[in-house]
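What follows is calculated from the coordinates using simple rules that are stated; it is not laboratory data. Predicted, not measured: the structure shown is a model, and the values here were computed from it. Ideal geometry is used to build each Cβ from the backbone, glycine not excepted, and the neighbour counts take in all protein chains shown.
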Amino acid sequence: MSNHDDPFQKARAKCPIHIGTFQGEKVPMILRLKDIRAAAKDTTTFSSDAPRRIPFPPEEDVRTVRQYPLEVDPPVHAEYRRIVEPFFLRPKQPDVLAKIHGLIDSLIEKTLAADSIDAVKDFAIPLQSYALTYLLNVPEKEAELWVSWGIHVFKDGDGKSKGPFMEKYCQQMFEAAAENPGDDFFSALNQAEFQGRPLTMEEKLGYANIAFAGGRDTIIHTATRILAYFAENPQALEWIRQDPDRINLASEEFFRLFIPLTHIGRVCPVKTDVHGFEVQPQGRVSLCWSSANRDPEVFEDPNDVKLDRRPNPHVAFGFGPHLCLGAHHARAIMRGLIRSLAEKVSKIEVLETVELIEKEPDYTRKIGYELLQAKFTKLS
């Protein structure tokens, strides 16, 4: 199947970079996989030490804290990362994985019992929110509030109010954990030390901020695009059913093609030549993951969905020291989703869609769905 959703195809063929305009700022977007990997490893030239300026658009008006460990550079990045890594590895534990699978099976059963659902509101958002309770080891009831935050904490229409609300909620969770400590994420950060001292509240809120916002829309959009793909290609579900060992390869191909995060920023501390474009001190550079994942020098027929693609060296989870903390969690969720669909669903019929499109002056790209009304048919 062809999936022609690559706005950078022509630019990448001509030049290693594309000059994008973001909020009036000219930013070189690095497009090719080899160059992306080199830049992602070079944290001296391309720094993440730029609080709230790493995302596109920047988040200076929707959050007050630096996101840890994303917005710090090596060597302290590794120290900050180690503090929370045990939580982000929890999906590798059999009991946590079983909870994720149980959640997905339950959502699928509810979907099969309904005439139709909005797969965004009724499926993907609850999936992301409740699965996060298992990652953070907090009670499931906390997800009732998280579901109400919608697709994205910051990029939705009321992001300027939701961001501060989320920070206040997290501070309250840290205060509650201090009074009644347990084995949860908030208690662990209350007890953690960095270089021999307790974490500050700003640091703890920075960790919580990325836990709640960093992987939210990415999980939601990837899940709905997988559902839409199987609706258009029911034979692919049958192919999975014939050999469940194919699930891992299929999930990696979905990550490669359906990556919701077009790119992420880095800042050049000094004047830097980026493939012929001069970036001024503290100017930004874009690492364009979505373009790198379509690089024809690396991926044969890059716009085609090949569920058995191997090798598949995509950068959907980034590359280098800042490799996504949530990669294990995302893989556990998407592999569990594919497994449950293959075991329980014979057909998905899409009834209505409202696509979510990222529109910038220099490109337009489909990210996911605002609405995906669908009917699921049970496998007999």
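Given the options P296, G368, T224, identify the residue whose Cα lies farthest towards the positive end of the charge dipole of the range 223-380 (+1 on Cβ of Lys, Arg; -1 on Cβ of Asp, Glu).
Toward the positive end, the furthest listed residue is T224.
Which aspartates and glutamates, on any chain, are close to K99 with Cα under 14 Å apart, when same-chain ones fewer than 8 places away are left out?
Correct list for K99: E140.
For L371 and K160 in the same chain, what is the full-extension length gain: residue separation times 0.36 nm, less their Cα-Cα distance, in nm?
Numbers: separation 211, 0.36 × 211 = 75.96 nm, distance 2.27 nm.
Length gained, L371 through K160: 73.7 nm.
Would you mind working out the magnitude of the charge dipole of the range 1-100 relative to its Cα centre, with +1 at each Lys and Arg C-beta and -1 at each Asp and Glu C-beta, to the nearest 20 Debye?
Numbers: 17 positive and 14 negative charges, 74 e Å.
So the magnitude is around 360 debye.
What is the range 175-264's relative contact order, in percent, from Cα pairs under 8 angstrom and six or more apart in sequence? Present the calculation step by step, with values, prior to reporting the outcome.
Working: 32 pairs, mean separation 19.3, N = 90.
Computed over the range 175-264, the figure is 21 percent.
Which whole-Hz ³J(HN,Hα) couplings does the range 276-282 yield from phi under the Karplus relation 6.51 cos²θ - 1.76 cosθ + 1.60, θ = phi - 60°, glycine and proline marked x?
Going residue by residue, I get x, 9, 8, 9, 6, x, 6 Hz, with x marking Gly and Pro.
Less than 15 Å Cβ to Cβ from G326, Lys/Arg counted +1 and Asp/Glu -1: what total charge do the surrounding residues give? The partial results should precede the final answer.
Details: positive: R81, R90, K92, R216, R331, R335; negative: E85, D217.
Around G326, the charge tally is +4.
Between N180 and K347, what is 0.36 nm times their sequence separation minus the Cα-Cα distance? Round to one decimal in nm. Don't skip to the end; give the middle numbers.
Details: separation 167, 0.36 × 167 = 60.12 nm, distance 4.71 nm.
Gain in length upon complete extension: 55.4 nm.
Name the residue farthest towards the positive end of the dipole of the chain from the options L351, N180, N233, assuming +1 on Cβ of Lys and Arg, -1 on Cβ of Asp and Glu, about the Cα centre.
Value computed over the given set: N233.
Among the lysines in the range 330-379, how many pairs, 8 or more places apart or on different chains, have alpha carbons under 27 Å apart? Show your work: numbers first, answer last.
Values: K344/K375; K344/K378; K347/K366; K347/K375; K347/K378; K366/K375.
Final tally of qualifying lysine pairs is 6.
What's the extension gain from T21 to E109 if we count 0.36 nm per residue and subtract their Cα-Cα distance?
Details: separation 88, 0.36 × 88 = 31.68 nm, distance 4.52 nm.
Extra length from T21 to E109 when fully extended: 27.2 nm.
Order 323-335, 143-155, 105-117 from most to least packed using the mean count of other Cβ atoms within 10 Å.
Working: 323-335: 20.5, 143-155: 17.9, 105-117: 15.3.
The most tightly packed comes first, giving 323-335, 143-155, 105-117.
Given only helices, namely DSSP H runs of n ≥ 4 each adding -39500 (n - 2.57), what is the per-residue ellipticity at 222 nm of the chain, to the nearest 500 deg cm²/dmol? If you can, show how the numbers build up before the last one.
Details: 14 runs with 166 residues, N = 380.
For the chain, the value works out to -13500 deg cm²/dmol.
Could you tally the net charge around L136, taking each other residue with its Cβ under 10 Å from the Cβ of L136, Lys/Arg +1 and Asp/Glu -1?
Numbers: positive: R90; negative: E142, D184.
Once positives and negatives cancel, what remains is -1.
Zone of R310 (label point 7 Å along Cα→Cβ, backbone N under 14 Å): which residues in the range 220-253?
Answer for the range 220-253: 243-253.
For the range 101-227, give the magnitude of the charge dipole about the Cα centre (Cβ charges: +1 Lys/Arg, -1 Asp/Glu; no others), in debye to the nearest 20.
Values: 11 positive and 19 negative charges, 78 e Å.
Value, rounded to 20: 380 debye.
Among the DSSP beta bridges whose two residues both lie in the chain, what percent are antiparallel, rounded to the nearest 5?
Values: 34 of 36 bridges.
That works out to approximately 95 percent antiparallel.
If I require 24 Å or longer along the helix axis, counting alpha carbons, and a Kyte-Doolittle average no lower than 0.0, what helices from the chain are left? Use full DSSP H segments. Don't jump to the answer; show the numbers that get you there.
On the way: long enough: 94-113 (28 Å, 0.57); 159-179 (30 Å, -0.78); 216-232 (25 Å, 0.17); 327-344 (25 Å, -0.16).
Those that pass (Cα extent of 24 Å or more, hydropathy at least 0.0) are 94-113, 216-232.
Given Cβ point charges of +1 (Lys, Arg) and -1 (Asp, Glu) and nothing else, what value in debye, to the nearest 20, does the dipole of the chain about its Cα centre take?
Numbers: 48 positive and 55 negative charges, 124 e Å.
Roughly 600 debye, rounded to the nearest 20.
Give me the one-decimal nm value for the distance between modelled label points at D95 and I357, 7 Å along each residue's Cα-to-Cβ direction.
Here the modelled spin labels are 4.9 nm apart.
Counting pairs of alpha carbon atoms under 8 Å apart in space and at least six apart in sequence, what relative contact order in percent does the chain give?
Numbers: 621 pairs, mean separation 104.7, N = 380.
Contact order relative to length: 28 percent.
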